[in-house]
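A.B. asks: There's a structure below that I have some questions on.
No value in this document is a laboratory result; all are computed from the given coordinates. Please read these numbers as outputs of a predicted model, since none were measured by experiment. Backbone-built Cβ (ideal geometry, glycine too); neighbour counts: all protein chains shown.
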Amino acid sequence: MYLMKDIVRDGDPVLRKVSQKVEFPLSDEDKKLADDMMEYLINSQDEKIAEKHQLRAGVGLAAPQVGVSKMMASVLVPAEDGSDKPQLKITLINPVIVRNSVQNAALSEGEGCLSVDKDVPGFVPRSDRITIKYDDFDGNSQTLRVRDYPAIVCQHEIDHLNGHLYYDKIDKKQPFELDPSTVVIS
Ligand code: UDB
Ligand code: ZN
């Protein structure tokens, strides 16, 4: 099971690399990686387990964040009403954003990152809606359309696979300046 000590921190060059495409059939090692990443998210969202192991509650985790430079990321967005059925639970393999909405969006509280210990305040402008092409565990190409908060999480994770961190996208001079048409998601 992954713990906070296993999560690579900002400054490690693996976070700035473009990840390698994953090949099919998946190796046992790649399957385990996918399982372990999702397990971290599940554990970290379980109050008791998180407390016991001092895990930061995560909604997404990309392979480079556990030191593996491969195009794989897990996303676990809990239901808004606290129900057991998550809003989005998915492992994206070789994901590519094939469509971005004209509409932009940003989280009202800005973003953070499991790999970034400092707090970098400011809006992170993203697309409100995206279409992602990715491979499933069997290597079949799939299409996923997401919007609002789940779309922000997916963009944050896909950025990791391309060597980008959220604070790269914050306007250094005017961190809380937003194009007036951008929707702010709380
Ligand atoms: C997170 N968690 O996991 F709405 F159960 C952030 C951290 C950096 C604060 C741990 C988070 O937003 N938690 C959260 C939010 C909820 C419900 C819930 C937990 N990430 C993931 C990350 O660093 N992936 O690489 C940062 C998010 C900021 C915007 C999208 C991802
Ligand atoms: Zn992150």
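A.B. asks: How many residues are more than 13 Å from the chain's Cα centre (by Cα), within 10 Å of ligand 1 (Cβ to nearest atom) and surrounded by 18 or more Cβ atoms within 10 Å (Cβ to Cβ) if we restrict to the range 41-80?
C.D. replies: So the answer is 2.
A.B. asks: State the number of residues belonging to the range 161-172 that are crowded, with 22+ Cβ neighbours inside 10 Å and farther than 14 Å from ASN94 by Cβ.
C.D. replies: The number of residues fulfilling the criteria is 1.
A.B. asks: Could you pull out the residue among ASN100, ASN104, ASN43 that is polar (S, T, N, Q) and over 22 Å from ALA151 (Cβ atoms)?
C.D. replies: Going through ASN100, ASN104, ASN43 in turn, the sole match is ASN43.
A.B. asks: Now for a separate question. Scan the range 57-81 and report the pairs whose first residue is without any contact (Cβ under 8 Å) to a residue 12 or more places away in the chain and whose second residue is within 8 Å of ligand 1 (Cβ to nearest atom) and in a loop (DSSP other than H, G, I, E, B), with Cβ atoms within less than 7 Å and a gap of 6+ or a chain change.
C.D. replies: Nothing qualifies.
A.B. asks: Sticking with this structure for a sec: Would you check if there is a residue in the range 137-156 being without any contact (Cβ under 8 Å) to a residue 40 or more places away in the chain and of a type in the set (Gly, Ala, Ser)?
C.D. replies: yes
The rows are residues; the columns are (1) in a loop (DSSP other than H, G, I, E, B); (2) more than 10 Å from ligand 1 (Cβ to nearest atom).
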{"position": "VAL120", "(1), (2)": "yes, yes"}
{"position": "PHE123", "(1), (2)": "yes, yes"}
{"position": "ILE132", "(1), (2)": "no, yes"}
{"position": "GLY139", "(1), (2)": "yes, yes"}
{"position": "THR143", "(1), (2)": "no, yes"}
{"position": "PRO150", "(1), (2)": "no, no"}
{"position": "VAL153", "(1), (2)": "no, no"}
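A.B. asks: A further question follows. Looking at TYR40 and the list (1) under 19 Å from PHE137 (Cα atoms); (2) touching a strand residue (DSSP E or B) at 6+ places or on another chain (Cβ under 7 Å); (3) away from ligand 2 (no atom under 16 Å from the Cβ), which single condition is not satisfied?
C.D. replies: It fails just one condition, (3).
A.B. asks: Are there any strands (runs of 3 or more DSSP E) wholly within the range 26-105 with 3 or more residues that are out of contact with any Phe, Trp or Tyr (no Cβ under 9 Å at 6 or more places or on another chain) and of a type outside the set (A, V, I, L, M), and if so which?
C.D. replies: In the range 26-105, the matching strands (runs of 3 or more DSSP E) lie at 88-100.
A.B. asks: A follow-up question, please. Report, by residue number, each residue of the range 81-116 that is within 16 Å of ligand 2 (Cβ to nearest atom), small (Gly, Ala, Ser), within 16 Å of SER127 (Cα to Cα) and buried (at least 18 other Cβ atoms within 10 Å of the Cβ).
C.D. replies: If the condition is that a residue be within 16 Å of ligand 2 (Cβ to nearest atom), small (Gly, Ala, Ser), within 16 Å of SER127 (Cα to Cα) and buried (at least 18 other Cβ atoms within 10 Å of the Cβ), then ALA106 is the only one that fits.
A.B. asks: Scan the range 45-52 and tell me whether some residue there is charged (D, E, K, R), in contact (Cβ under 8 Å) with a residue 40 or more places away in the chain and farther than 27 Å from VAL120 by Cβ.
C.D. replies: no
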